[in-house]
Number of protein chains: 2
Amino acid sequence: MLETRETSRERVLRVATQLFATQGYHATGMKDLEKASGLGRSSLYHQFPSKEALLFAIITPYLRELIAFGNKLLDTEMPARQRLRELSRGVMRCITENLAATTICFREIHAVTGEHKAELLALHREYEQIWSRVLQAGVDEGAFRRADGLAVKALLGMHHYSYLWLRTDGPGTPEEIADSFCDLLRDGMLSTPPPR
Amino acid sequence: MLETRETSRERVLRVATQLFATQGYHATGMKDLEKASGLGRSSLYHQFPSKEALLFAIITPYLRELIAFGNKLLDTEMPARQRLRELSRGVMRCITENLAATTICFREIHAVTGEHKAELLALHREYEQIWSRVLQAGVDEGAFRRADGLAVKALLGMHHYSYLWLRTDGPGTPEEIADSFCDLLRDGMLSTPPPR
């Protein structure tokens, strides 16, 4: 059923994502992609002029999705704590649903060059800015203590490192994992925080 | 001066670490390693019977170092909060000092197979256990709220994701970064935590 609806482009993206994730980007040749997609070399090159263009097309959609999701959250009126929780849940859902693409992104990001690299870095900056703005809105309303760069990096690491240990049969739903992280962020690690 | 003290093995490890980190593991051939190390193929194979053996020899020493450091911390009498801070500082120092090796580890861990893979996974489990035991000791003495698996993964992510953004001219010393993380962990993100 999937086969009949898929365009050639979608098919190439699907098989390339699977091959890059399982055997690695460098170890996957255009020949492997032809064989797995059932497309000839000229159709393949028509869709993607280079293997790097294909890599770029795999690792950017989930990032654009996260940016769109985050910007929508920032435009919505809600208390900062709730917004942070929604962002955390959305990010964990997106990583879970795009585990192969996020894995490829972390492993192969250094293989992206030139204009692709500039665009990818700009997308990453835009995404990071969303976390930063969510935290800053919390500081502005007196709900959060911190919105500095290291707090943002800490939160990014906490969430994105999950590509290494998330499995579909993992320790909980994306929402449960996000709530566990937010609980840690909200209350800290101390059993009895000093009164302030 | 470095040249005269270095053994052939050390030289191979040094040039391979540099090449794997800059141009990637797959893109680096034995020919590149011969050229960069100035050793012949037979000497190279004498030191490392395969490129994978070389990869394994690059990505395990810092992990063994972290495990030894963590076990020593666990054997030392100190309050749990101080132990967590010392662990955090030691981990940030180790990542900073071994940035090329940690980068290679994150990118190429899937290229390690067979017995090497089993040993690497065992080392990772041992390392993760250290964080778990440091948190559990804190729960036992009533200083921490949590020592569950997700709290451990959150802390691992927060620290290890830094291989992507740490630079020698980065946002602070390893100790300052660790202290910023521990501050976030201790007090959470809230400006005024609810009294408990």
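The values are calculated or read from the model by the stated rules, or taken from the named source; none is laboratory data. Just so it is clear, the model here is predicted, and its values are computed rather than measured. Reconstructed Cβ throughout: ideal geometry from the backbone, glycine too, with neighbour counts over all protein chains shown. The accessibility values were calculated without ligands, DNA or RNA, using every heavy atom of the protein model including side chains. Shrake-Rupley method; radii C 1.70, N 1.55, O 1.52, S 1.80 Å.
The figures follow:
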| item | result |
| --- | --- |
| With every protein chain in place, the range A:2-55: carbon and sulfur % of accessible area (1.4 Å) | 51 percent |
| Label spacing, shortest first and in nm, from A:ASP148 to its equivalents in the remaining copies (7 angstrom along Cα→Cβ) | 3.0 |
| Average other protein chain Cβ within 10 Å of Cβ, residues B:175-188 | 5 |
| Residue mean of other protein chain beta carbons inside 10 Å, B:19-29 | 2 |
| Computed magnitude of the charge dipole of the range B:40-93 (debye, nearest 20; Cβ of K, R +1, Cβ of D, E -1) | 180 debye |
| Average accessible surface area per residue within the protein assembly as shown, 1.4 Å rolling probe, Å² | 47 Å² |
| Accessible surface of the range A:60-187 [probe 1.4 Å, protein heavy atoms]: carbon and sulfur percent | 50 percent |
| Using a 7 Å Cα-to-Cβ projection, A:ALA27 label spacings across copies, nm, ascending | 1.8 |
| Simple Cβ-charge dipole of the protein assembly as shown, Lys/Arg +1 and Asp/Glu -1, about Cα centre, in debye nearest 20 | 420 debye |
| Inter-copy spacing of A:GLU126 label points, which lie 7 Å from Cα along Cα→Cβ, given in nm from shortest upward | 4.6 |
| Candidate aspartates and glutamates for bridging to A:LYS35, where Cα separation is under 18 Å - those fewer than 8 sequence places away on the same chain excluded | A:GLU3, A:GLU6, A:GLU10 |
| Cα shape, the protein assembly as shown, gyration tensor, a/c 1.5 rule | oblate |
| Rounded accessible area of B:MET30 (nearest 10 Å², 1.4 Å probe) | 30 Å² |
| Tail beyond 27 Å, pair distance distribution of chain B (Cα, percent) | 39 percent |
| Lysines whose Cα lies under 16 Å from that of B:LYS117, excluding same-chain neighbours fewer than 8 positions away | B:LYS51 |
